[in-house]
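K.L.:
Sharing a structure with you now.
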Amino acid sequence: MTNSPIQTTAAAAHKTYWAWSVATFFGAGFGKPGPGTWGSVATVLLWAAFAWLAHPTPLILLYALFLLIGFALLLGIPASTVVARESGRHDPQFVVIDEVAGQAIALLGSHANWRHALIALALFRLLDITKPFPARQLEQLPAGWGIVLDDVAAGLYALGVASLLHIWI
């Protein structure tokens with residue numbers, strides 16, 4: 001059954017635009033296929049653009065990642081809650097602010113080069129998809145907390161594995 005124009009307009013009227021903008025990371029979550037991967041790639045590209053265009057010191061790059069993580073958590077959790085409620089879905093695929101938080105965490109130990117960026121991206125996506133214990137259990141938390149914190153756990157796992165790999169790479 002398709003939505004009539006009246007239903008579609010009514011649904012659009014109930015969107016809280018700040019929440020949809022944040023939760024979809026300004027539209028990255030509408031990428032197909034695999035919106036989560038698009039959210040992660042957008043995060044890596046944002047990190048890379050800042051690293052290569054601004055030429056920050058490693059400490060400034062680290063602070064920038066912490067700001068992004070703070071943004072993703074402080075605004076992402078309530079935004080995810082609102083979007084989940086308004087879309088009628090428990091964990092909508094187009095909500096990717098959780099991938100932004102997790103991917104930014106995975107990048108914390110990375111040097112500003114493509115090799116480390118790709119390692120962080122691959123590890124985070126693998127661990128986000130497989131969700132090792134206790135990441136999967138964090139999905140059971142209410143609303144935006146469950147949407148975001150399971151990816152934070154995957155990001156922490158990716159950071160740990162990437163840190164071990166950086167010893168040898």
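The values are calculated or read from the model by the stated rules, or taken from the named source; none is laboratory data. Just so it is clear, the structure is predicted and the values come from calculations on it, not from any experiment. Glycine also receives a Cβ, built like all others from the backbone with ideal geometry; neighbour counts cover every protein chain displayed.
K.L.:
In the set S87, S163, S80, which member is surrounded by 20 or more Cβ atoms within 10 Å (Cβ to Cβ) and either out of contact with any Leu (no Cβ under 8 Å at 6 or more places or on another chain) or within 20 Å of V41 (Cβ to Cβ) (or both)?
P.N.:
After ruling out the rest, the residue left standing is S80.
K.L.:
With the condition kept exactly as written, say whether any residue in segment 42-51 is not aliphatic (A, V, I, L, M) and not in a helix (DSSP H, G or I).
P.N.:
Among the residues of segment 42-51, not one is not aliphatic (A, V, I, L, M) and not in a helix (DSSP H, G or I), which makes the answer no.
K.L.:
From V100, V83, which residue is in contact with a Gly (Cβ under 7 Å, 6 or more places away or on another chain) and part of a helix (DSSP H, G or I)?
P.N.:
None of the others qualify; the one that does is V100.
K.L.:
Checking the condition in a helix (DSSP H, G or I), under 20 Å from I129 (Cα atoms) and of a type in the set (V, I, T), which residue from I105, I60 passes?
P.N.:
Being in a helix (DSSP H, G or I), under 20 Å from I129 (Cα atoms) and of a type in the set (V, I, T) holds for just one of I105, I60, which is I105.
K.L.:
Kindly indicate which of I129, I147 is modelled with pLDDT of 90 or more, under 21 Å from L68 (Cα atoms), among the β-branched types (V, I, T) and out of contact with any Leu (no Cβ under 8 Å at 6 or more places or on another chain).
P.N.:
Sole residue among the options that is modelled with pLDDT of 90 or more, under 21 Å from L68 (Cα atoms), among the β-branched types (V, I, T) and out of contact with any Leu (no Cβ under 8 Å at 6 or more places or on another chain): I147.
K.L.:
Right, here's the next one. Here is a list: T43, T81, T37. Which entry is in contact with a helix residue (DSSP H, G or I) (Cβ under 9 Å, 6 or more places away or on another chain), of a type in the set (S, T, N, Q), modelled with pLDDT of 95 or more and more than 16 Å from G155 (Cα to Cα)?
P.N.:
After applying the criteria, what remains is T81.
K.L.:
When S110 is evaluated against the numbered criteria (1) buried (at least 19 other Cβ atoms within 10 Å of the Cβ); (2) among the small types (G, A, S); (3) assigned to a helix (DSSP H, G or I), which criterion, by number, is the only one it fails?
P.N.:
Condition not satisfied by S110: (3).
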